[in-house]
Amino acid sequence: MWRWEDDLLGGELMDGGLTVDRQVLARNPWTRQILVSGIVTILRRDHERRGDGDTVWYRARDAEPHEAARVLCAEATWEEDPDQRRALDEVAKEKLIELRATHRIREK
């Protein structure tokens with residue numbers, strides 16, 4: 001998932017969302033916003049929120065470690081360049097270890 005957030009904390013987390021594999025992708029110095037990404041799990045369509053035109057709202061939550069690892073491994077699997085695939089696979093393994101550790105800390 002990608003979203004624009006107010007950059008009040010220098011790219012740090014504001015609302016507890018997008019914590020799994022969070023990355024700051026871009027900064028807008030005029031609006032003081034950042035574009036961040038993270039791995040989430042879509043739960044269902046949010047029928048309580050009305051969108052304009054083609055906009056559809058969904059309920060989402062941060063992905064659990066096994067869900068995030070599945071996404072990262074799938075990305076590695078579809079890479080055509082063998083060297084890049086191995087590199088992505090290593091990143092996926094490292095992220096899984098990191099995600100498990102983060103998940104344990106959040107449970108405490």
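Annotation note: Cβ proximity below 9 Å between a residue of segment 37-61 that is in a loop (DSSP other than H, G, I, E, B) and a residue that is among the hydroxyl-bearing types (Ser, Thr, Tyr) and surrounded by 10 or more Cβ atoms within 10 Å (Cβ to Cβ) (sequence gap 6+ or interchain) occurs for Gly38/Thr19; Asp46/Tyr58. Quickly run through segment 18-63 and pick out the residues that are under 23 Å from His103 (Cβ atoms), loosely packed, with under 13 Cβ neighbours inside 10 Å and over 14 Å from the mean Cα position of the chain (by Cα). Those that are under 23 Å from His103 (Cβ atoms), loosely packed, with under 13 Cβ neighbours inside 10 Å and over 14 Å from the mean Cα position of the chain (by Cα): Leu43, Arg44, Tyr58. Restricting to segment 63-95, name every residue that is assigned to a helix (DSSP H, G or I), closer than 20 Å to Thr41 by Cα, in contact with a helix residue (DSSP H, G or I) (Cβ under 8 Å, 6 or more places away or on another chain) and among the charged types (D, E, K, R). Those that are assigned to a helix (DSSP H, G or I), closer than 20 Å to Thr41 by Cα, in contact with a helix residue (DSSP H, G or I) (Cβ under 8 Å, 6 or more places away or on another chain) and among the charged types (D, E, K, R): Glu75, Lys95.
Out of (1) open to solvent by 60 Å² or more (accessible area, probe 1.4 Å); (2) in contact with an Asp or Glu (Cβ under 9 Å, 6 or more places away or on another chain); (3) part of a loop (DSSP other than H, G, I, E, B), the odd one out for Glu98 is which? Only one criterion is unmet by Glu98, namely (3).
Contact map, segment 79-108: residues that are closer than 22 Å to Arg61 by Cα paired with residues that are among the small types (Gly, Ala, Ser) and in a helix (DSSP H, G or I), Cβ distance under 6 Å, separation 6+ or inter-chain. Pairs shown: Ala92/Ala76; Leu96/Ala69; Leu99/Ala68.
Has segment 43-54 got any residue that is over 20 Å from Ile105 (Cα atoms) and touching a Leu at 6+ places or on another chain (Cβ under 8 Å)? No, segment 43-54 contains no residue that is over 20 Å from Ile105 (Cα atoms) and touching a Leu at 6+ places or on another chain (Cβ under 8 Å).
Residue under question is Ala60, and the condition is that it be of a type in the set (Gly, Ala, Ser) and either at pLDDT below 85 or in contact with a helix residue (DSSP H, G or I) (Cβ under 7 Å, 6 or more places away or on another chain) (or both); does it hold? Taking the combined requirement at face value, the residue does not satisfy it.
The values are calculated or read from the model by the stated rules, or taken from the named source; none is laboratory data. Since this is a predicted model, take the numbers as computed values, not measurements. Cβ: placed from backbone, ideal geometry, glycine included. Neighbour counts: every protein chain shown. For the accessible areas, the whole protein counts, side chains as well, though only heavy atoms, and no ligand, DNA or RNA atoms are used. Shrake-Rupley method; radii C 1.70, N 1.55, O 1.52, S 1.80 Å.
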